[in-house]
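Participant: Pasting in a structure now, in structure tokens, and then I'll have a few things to ask.
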Amino acid sequence: MSSGPWRQPAPIGEALGAALRRLGLDGRMQEQGLWRGWAAAVGPGIARHAQPQSLRQGRLVVHVTDPVWLHQLSMMRPRLIEALNLQLGAAAVRELALRVGEVAELPAQDPPPPSPDALAAPDAARVEEVEALLAPLTDPETREAFRRLLLRAAPPRQQ
């Protein structure tokens, strides 16, 4: 009762990429890269006073805290677009629209590290088991993500 001929298995990274393209979501993934990499692309000083709001058809709308920042960033438009596209690895941003609006406050510092109990290392046998399970994965990012997930899901050690 198969729906078609058998196909050779594909690496998970390729399969996910193809599925996202087929569903028309590859652009949305690129947008997420913009939001995650905003502070790295523009710098923490600008990121405290300006944040992206939407990206549609290459037009990025950015809210800034006040007219002074709106003016300053309007003078930097070409450099900001270049930095954002460099961060994304594609020419996703073609136009930058600046608006005075609400900008969420960024945390002043990194969150405190988790307690040592929360970071209890899994036992060596569990690490070996996870590594064996992940051996077929060739994409390093996918492999590392699954490794962290599986090790975090490991049952707590008995003491």
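Participant: If you take the residues in the stretch 33-79 that are surrounded by 12 or more Cβ atoms within 10 Å (Cβ to Cβ) and among the hydroxyl-bearing types (Ser, Thr, Tyr), which one is farthest from GLY89 (Cα to Cα)?
Facilitator: Among them, the one singled out is THR65.
Participant: Please note which helices (runs of 4 or more DSSP H) are completely contained in the stretch 30-139 and include at least 1 residues that are of a type outside the set (Ser, Thr, Tyr) and at pLDDT 90 or above.
Facilitator: Numbers: elements: 44-47, 67-75, 77-88, 124-134.
The helices (runs of 4 or more DSSP H) meeting that bar are 44-47, 67-75, 77-88.
The values are calculated or read from the model by the stated rules, or taken from the named source; none is laboratory data. Bear in mind that the values here come from a model prediction, so they are computed numbers and not experimental data. Reconstructed Cβ throughout: ideal geometry from the backbone, glycine too, with neighbour counts over all protein chains shown.
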